[in-house]
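Here the structure is laid out as structure tokens; the discussion comes afterwards.
The values are calculated or read from the model by the stated rules, or taken from the named source; none is laboratory data. What you see is a predicted model; the values in this text were computed from it and never measured. All Cβ positions, even for glycine, are placed from backbone atoms using ideal geometry, and neighbour counts span all protein chains on display. Just so you know, the surface numbers come from the protein's heavy atoms only, side chains and all, with ligands and any DNA or RNA stripped out. Shrake-Rupley method; radii C 1.70, N 1.55, O 1.52, S 1.80 Å.
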Amino acid sequence: MPLSTIKNTSILKAYDAIKTSFWFTPCLILSLTILGCISLLLIDLYAGLDSLPWLNSLYHANADITRDLLTTVASSVMTVVSITFSITIVALTNASSQFGPRLIRNFMEDSSTQIVLGVFISLFVYCLVLVRMTDDFADGAFLPGLTIAGAIAMTLFGILLLIYFIHHVSLNLQSDSVIDNVYSELQSSIEQIFKQQKEEEADSSTDKKQVQTTKQADKKHEQFEFRSKSCGYIQAINYADITNVISKLDGHLDILVNPGDFIVNRMVVMTSNIERFSEEDKQTLHECFTLGPKRTPIQDPEFAVHQLVEIALRALSPGINDPYSAIACIDKLTAAVCDLTQKSFPEGATYDDNDIERVTYKTTSFENLANIAFNQIRQYSQSCLAVQLRQLEGVIRIAEQANHSTHWSFVYHQKLMLEHGLEQQQLVDLDKKEVSSRLQTLTKLLEKAKTLKS
């Protein structure tokens, strides 16, 4: 396994914090705007553009009128900024109440909202700086024309941006758009996992049988237990640094927890066949675990699945009662699980430069992700036949693409549990016919799979 392909988890956490903040992008745009304003002022002062006839209207205007215009623009922009912030807060409040508080991060990482806030604040500061600079040209003989033209251009751009922002927020508050955004994040997380696995398999030529034998022999020795020093959600694990430490000590280590797991103080998170570790090595290994107060999608593919499930559960609650949103979530989850049937999951091991297995860690599996996607929604949809029928259709789509025993095991158990739940309900003949036709289709697919196996 090429250790250089594993990204630094501290950088990943910092990037995730920046991506979901309302301060970084606006501050960056503000800094660039101030820098641009200073650059234009220097050009106006030293480039001699005021002598060009076709720029005469920019450089020979009334200073008082120019200042009044800039002051008006600045005050108007502040009004627009307050409206923009109000719209943003309303969007966040609506997202929290309708889709769940954990969906707020999806709205906060929306780059369009961050850019809009940054542009309007920057335009306000730009005008203030320019108003102050025009005091030096009170006689009207010369004005920073190019800089003033920049203010006019930014104002026109800001008007168009406000129209776009209102349209963007209106579109983003629709449940279908929210669901699709979460589904896109789920696809991205899963692709990242399998991309890393593909790189590992291409660069590692270790004899698996020999590794397994060595690993079993190592387990006969007494295990050294690493206990956590704090509590929180595991946001990321730096497998590269852990592998480096264990490779240096010529041993093997098992990581017992996953990104996304919640750990408590003094919980065993790792075991190793190495009898003794120096305090420095212990500290290094503990620092490889990035903890936080909440789950993040950095290395956690289950995060986005839980988000889609949460949207579906809230849609099924009596307060919202929106089965169509729940059905949309089921459709996206079904698509994700169907894609997983075409993947081979990571083996959960890292190797040193000599192709010796050094670290074994827990990985997600098809059954785990698929059960998370279907179980809770099935449990909460006992009173909504439309959602149960859509889940049956989803299981049928998965069965049509199943090609492994774990896939068929999931399909079989979901069929049994859905069938059991439907039997507890008093259905009219037409509903019974709808249920029966789907169950028969599933039964045929399962029988076909048994035939192929035999």
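Gain on full extension, evaluated as 0.36 nm per residue between Ser76 and Glu434 minus their Cα-Cα distance, stands at 122.9 nm. Note that the chain presents 51 Å² accessible area per residue, ligands and nucleic acids not counted, probe 1.4 Å. Rounded to a whole number, what % of the accessible area of the stretch 332-378 do carbon and sulfur atoms account for, probe 1.4 Å? So the carbon and sulfur contribution to the accessible surface is 41 percent. The mean sequence separation of alpha-carbon pairs under 8 Å and at least six residues apart, normalised by the residue count of the chain, gives a relative contact order of 16 percent. Taking the C-alpha atoms only, the angle from helix 145-172 to the longest principal axis of the chain is near 30 degrees. Can you bin the chain into rounded, prolate or oblate? Criterion: square roots of the alpha carbon gyration tensor eigenvalues sorted a ≥ b ≥ c, rounded for a/c under 1.5, prolate for a/b above b/c, oblate for the rest. It is oblate, given that a/c is not under 1.5 and a/b is not larger than b/c. Pairs spanning more than 27 Å between alpha-carbon atoms, out of Lys13/Lys282; Lys282/Lys362; Lys195/Lys450; Lys343/Lys432; Lys248/Lys294: Lys195/Lys450; Lys343/Lys432; Lys248/Lys294. Each peptide in 356-364, 324-332 gets a packing score, the mean of other Cβ atoms within 10 Å over its residues, and the list from highest to lowest is 324-332, 356-364. Once both axes come from the Cα atoms, what is the angle between helix 208-219 and the longest principal axis of the chain, in degrees from 0 to 90, rounded to 10? That helix lies at roughly 80 degrees to the long axis. Computed from the C-beta positions of Thr451 and Ser31 and an R0 of 60 Å, the FRET efficiency is 0.35 to the nearest 0.05. Ranked by the mean number of other Cβ atoms within 10 Å of their residues, highest first, the peptides 413-423, 427-437 come out as 413-423, 427-437. The C-alpha atoms of the chain define a longest principal axis, and helix 385-401 lies at about 70 degrees to it. By the helix-only formula, in which each DSSP H run with n ≥ 4 contributes -39500 (n - 2.57) and the sum is divided by residues, the chain has a 222 nm mean residue ellipticity of -22500 deg cm²/dmol.
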